[in-house]
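J.: Take this structure, written in structure tokens, and hold onto it; I'll ask about it next.
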Amino acid sequence: MSENFWQVNDIGDTLLMSQPTAMMDYLYLLSKLPQEEAEVIASRFIMASISYQETLSSVIYWLETFLHDALSPFYNDVLFVYLMNQILSSEIDELLKMRPKYLHDIASLNLPGQVAKDIMVQSSDGHGDMLSAINGEYIVVCFLQNECAACKAAEEYLTDSDVVKVLKKS
């Protein structure tokens with residue numbers, strides 16, 4: 001069914017492609033397939049959408065929105081990276097590849113099974129350490145921005161949390 005989806009729905013229809021419904025339906029069908037089969041079928045869709053450059057931007061936008069957003073019910077960075085690779089290896093204008101390249105590079109950093117890069121963190125006592133050098137049964141890492149009111153509230157909540165205080169003692 002997903003293999004024939006774009007034979008019924010016109011990829012070149014800019015109105016259809018500007019709305020999320022068709023892409024959501026398609027991604028739902030893909031999500032029911034094994035990963036390898038979904039990649040093959042989706043790569044055919046990408047190759048077809050590349051021939052309609054007026055809708056390609058919409059396709060990239062919807063793929064980012066639905067496959068790359070961790071809050072999406074269709075979240076699948078493995079498929080997303082695969083499809084961005086398809087776009088990047090195509091013959092489209094280099095300018096059209098800029099956003100897919102950026103998205104590909106970001107998503108490729110966090111694929112399942114990869115070891116995260118070591119980062120410098122500030123420990124609770126204020127010292128900077130490499131994350132890999134910190135030993136403990138539990139390690140809580142919070143990514144906060146100093147200017148962000150919600151981040152400050154989260155930091156205060158964690159600082160005052162009885163659970164975190166117990167973990168600090170252990």
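J.: Which GluC sites (Glu not before Pro) in segment 140-170 sit in a loop by DSSP (not H, G, I, E or B) and have at most 11 other Cβ atoms within 10 Å of their own Cβ?
T.: For GluC sites (Glu not before Pro) across segment 140-170 that sit outside H, G, I, E and B with at most 11 neighbouring Cβ atoms in 10 Å, the list reads Glu147.
J.: Less than 30 Å apart at the alpha-carbon level, and either on another chain or at least 8 residues along: which lysines does that give for Lys165?
T.: Lys117, Lys152
J.: Using a 1.4 Å probe, how large is the accessible area of Phe66, given in Å² and rounded to the nearest 10?
T.: Only protein atoms counted, so the area is about 20 Å².
J.: Once you order the gyration tensor axes a ≥ b ≥ c over the Cα atoms, which shape class does segment 4-56 get: rounded for a/c under 1.5, otherwise prolate or oblate by comparing a/b with b/c? Please report the intermediate quantities before stating the final value.
T.: On the way: a/c = 2.34, a/b = 1.48, b/c = 1.58.
In terms of gyration-tensor shape, oblate.
J.: Now, a different point. Could you work out the local net charge near Leu63, counting Lys and Arg as +1, Asp and Glu as -1, over the other residues with Cβ closer than 12 Å to its Cβ?
T.: So the environment of Leu63 carries a net charge of -2.
J.: With θ set to phi - 60°, apply the Karplus curve 6.51 cos²θ - 1.76 cosθ + 1.60 along segment 148-158 and write out the HN-Hα couplings as whole Hz, x wherever there is a Gly or Pro.
T.: Result, ordered by residue: 8, 4, 5, 5, 4, 5, 5, 5, 5, 4, 5 Hz.
J.: Can I ask one more? Give, rounded to the nearest 20 debye, the magnitude of the charge dipole that the chain has about its Cα centre when Lys and Arg contribute +1 at Cβ and Asp and Glu contribute -1 at Cβ. Before the final figure, lay out the partial values.
T.: Working: 10 positive and 24 negative charges, 53 e Å.
So the dipole magnitude of the chain works out to roughly 260 debye.
J.: With everything on Cα atoms, drop me the angle between helix 98-108 and the longest principal axis of the chain, reported from 0 to 90° to the nearest 10.
T.: Value to nearest ten degrees: 50.
J.: Accessible surface of Asp162 in the full protein assembly, 1.4 angstrom probe, to the nearest 10 Å²?
T.: 110
J.: Give the separation of the Cα centroids, segment 83-138 to segment 1-73, in Å.
T.: Centre-to-centre distance over Cα atoms comes out at 25 Å.
J.: If you don't mind, another one. With the chain treated as a Gaussian network of Cα nodes joined by springs under 10 Å, which of Ile46, Ile134, Ile11 yields the largest mean-square fluctuation?
T.: Ile134
J.: In whole Hz, with x marking every Gly and Pro, tabulate ³J(HN,Hα) for segment 56-70 from phi via Karplus 6.51 cos²θ - 1.76 cosθ + 1.60, θ = phi - 60°.
T.: For segment 56-70, the Karplus curve yields 4, 4, 5, 4, 4, 4, 5, 4, 4, 5, 9, 8, 9, 7, 4 Hz.
J.: Given segment 126-170 reduced to its alpha-carbon atoms as identical point scatterers, what log10 I(q)/I(0) does the Debye formula return at q = 0.17 Å⁻¹?
T.: -0.60
J.: Heavy atoms only, probe 1.4 Å: what % of the accessible area of the chain goes to carbon and sulfur, would you let me know? Please list the in-between numbers first.
T.: On the way: 6320 of 11360 Å².
Roughly 56 percent of what the probe reaches on the chain is carbon or sulfur.
J.: Could you pull out every Cys in the chain that lacks a partner Cys with its beta carbon under 4.7 Å away?
T.: Cys142
J.: If exposed means no more than 15 neighbouring beta carbons inside 10 Å and the site is in a DSSP loop, what's the longest run of the chain without any exposed trypsin sites (Lys or Arg not before Pro)?
T.: Numbers: sites that count: Lys32, Lys117.
Longest run free of exposed loop sites: 33-116.
J.: Determine the calculated [θ] at 222 nm for the chain from helices alone, applying -39500 (n - 2.57) to every DSSP H run no shorter than 4 residues and normalising by the residue count; nearest 500 deg cm²/dmol. Let's see the in-between values first.
T.: Working: 9 runs with 91 residues, N = 170.
Roughly -16000 deg cm²/dmol at 222 nm, from the helical runs in the chain.
J.: Just need the relative contact order of the chain here, percent rounded to a whole number, with Cα pairs under 8 Å and 6+ apart.
T.: Numbers: 129 pairs, mean separation 23.0, N = 170.
Averaging sequence separation for qualifying contacts and normalising by length gives 14 percent for the chain.
J.: On to the next question. Take Thr21, Thr55, Thr65 and sort them by solvent-accessible surface of the protein heavy atoms, 1.4 Å probe, largest at the top. Mind showing how you got there, number by number?
T.: Details: Thr21 85, Thr55 0, Thr65 40 Å².
Sorted descending by solvent-accessible area, the residues read Thr21, Thr65, Thr55.
J.: Residue by residue through segment 160-169, what is 3J(HN,Hα) from phi via Karplus (6.51 cos²θ - 1.76 cosθ + 1.60, θ = phi - 60°)? Round to whole Hz and write x for glycine and proline.
T.: Each residue's phi maps through the Karplus curve to give 8, 5, 4, 4, 5, 4, 5, 5, 5, 6 Hz.
J.: Still on this structure, please answer the following. For segment 26-148, compute Rh as the Kirkwood radius over C-alpha pairs and then the Stokes-Einstein diffusion coefficient at 37 °C and 0.692 mPa s; write the answer in µm²/s, rounded to an integer.
T.: On the way: Rh = 16.8 Å.
Calculated translational D: 195 µm²/s.
The values are calculated or read from the model by the stated rules, or taken from the named source; none is laboratory data. Given the structure is predicted, the values throughout are model-derived calculations rather than measurements. Reconstructed Cβ throughout: ideal geometry from the backbone, glycine too, with neighbour counts over all protein chains shown. What goes into the accessible areas is simple: the full protein's heavy atoms, side chains included, and nothing from ligands, DNA or RNA. Shrake-Rupley method; radii C 1.70, N 1.55, O 1.52, S 1.80 Å.
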